[in-house]
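Peer 1: Have a look at the structure that comes next, please.
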Amino acid sequence: MKKVFLVLLAFVCFGYAEDKAPFSVEVEQMIRYGEFANTRYLRLYVTALQDGVKLKDIVVNRGNCADGKMENLNIDMKYAQEFQMDIFGCRKILEVEITTEKNGGWTFSFK
């Protein structure tokens, strides 16, 4: 019992080795109204949660959307800045993979 308590205390004091992404990701369904037809599409929002986030690549649904891949972006973001990406080639976003210059990559699931 004493060993279990010490292990739990170590997790509380030192945390655990899970990195938190330096940005948040949201998806919104949009409608573009036209004269003859309306177009439905998805808008992806990436919001910086700290200064110095440099977006490199964004891949939606593992690259299986016609317009769901942006590479070599080199976009510098400061805290609370937002990057938008419109996606017309997919009805649903199940997964978004984002790579940054110094923080590595993260995969967000919307399943």
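The values are calculated or read from the model by the stated rules, or taken from the named source; none is laboratory data. Keep in mind that this is a model prediction, so the values were computed, not measured. Methodologically, a virtual Cβ is constructed for each residue, glycine included, from the backbone with ideal geometry; neighbour enumeration extends over all protein chains shown.
Peer 1: Name the residues in the stretch 51-62 that are outside any strand (DSSP E or B) and basic (Lys, Arg), would you? Even if it seems obvious, please write down each step before you answer.
Peer 2: Residues of the stretch 51-62 outside any strand (DSSP E or B): 51-52, 61-62.
Listed by number, the list holds a single entry, ARG62.
Peer 1: OK, next. Between a residue in the stretch 30-59 that is touching a residue at least 24 places away in the same chain (Cβ under 8 Å) and loosely packed, with under 11 Cβ neighbours inside 10 Å and any residue that is assigned to a strand (DSSP E or B) and charged (D, E, K, R), which pairs come within a Cβ distance under 6 Å, given they are 6 or more apart or on different chains?
Peer 2: Listed by first residue and then by second, the contacts come to THR39/ARG32.
Peer 1: While we're looking at this one, here's another question. VAL46 is checked against (1) touching a strand residue (DSSP E or B) at 6+ places or on another chain (Cβ under 6 Å); (2) over 16 Å from GLY105 (Cβ atoms); (3) modelled with pLDDT of 95 or more and fails just one. What number does that condition carry?
Peer 2: (2)
Peer 1: Right, here's the next one. Going by the conditions given, is LYS69 over 19 Å from ASP19 (Cα atoms) and loosely packed, with under 12 Cβ neighbours inside 10 Å? Walk me through how you get there before you give the answer.
Peer 2: Numbers: over 19 Å from ASP19 (Cα atoms): yes; loosely packed, with under 12 Cβ neighbours inside 10 Å: no.
Spelling it out, it is not the case that LYS69 is over 19 Å from ASP19 (Cα atoms) and loosely packed, with under 12 Cβ neighbours inside 10 Å.
Peer 1: Could you list, in sequence order, all residues of the stretch 69-80 that are in contact (Cβ under 8 Å) with a residue 24 or more places away in the chain and either within 19 Å of GLU95 (Cα to Cα) or assigned to a strand (DSSP E or B) (or both)?
Peer 2: Result: ASP76, MET77.
Peer 1: Of all the residues that make up the stretch 92-110, how many are farther than 12 Å from VAL27 by Cβ and assigned to a loop (DSSP other than H, G, I, E, B)?
Peer 2: Applying the first criterion (farther than 12 Å from VAL27 by Cβ) to the stretch 92-110 yields 97-107.
Filter once more, keeping what is assigned to a loop (DSSP other than H, G, I, E, B): 101-103.
The qualifying residues number 3.
Peer 1: For the list (1) out of contact with any Asp or Glu (no Cβ under 8 Å at 6 or more places or on another chain); (2) of a type in the set (Lys, Arg); (3) modelled with pLDDT of 90 or more; (4) not in a loop (DSSP other than H, G, I, E, B), I need the number of the one condition that LYS3 fails.
Peer 2: Among (1) out of contact with any Asp or Glu (no Cβ under 8 Å at 6 or more places or on another chain); (2) of a type in the set (Lys, Arg); (3) modelled with pLDDT of 90 or more; (4) not in a loop (DSSP other than H, G, I, E, B), LYS3 violates only (3).
Peer 1: Next question. Quick one: would you say GLN84 is part of a loop (DSSP other than H, G, I, E, B) and among the polar types (S, T, N, Q)? Step through it out loud before you land on a result.
Peer 2: On the way: part of a loop (DSSP other than H, G, I, E, B): no; among the polar types (S, T, N, Q): yes.
No: the conditions fail for GLN84.
Peer 1: Tell me which of these CYS65 doesn't satisfy, since it passes every other one: (1) touching a Gly at 6+ places or on another chain (Cβ under 8 Å); (2) in a loop (DSSP other than H, G, I, E, B); (3) within 12 Å of LEU44 (Cα to Cα).
Peer 2: Of the numbered conditions (1) touching a Gly at 6+ places or on another chain (Cβ under 8 Å); (2) in a loop (DSSP other than H, G, I, E, B); (3) within 12 Å of LEU44 (Cα to Cα), the odd one out for CYS65 is (3).
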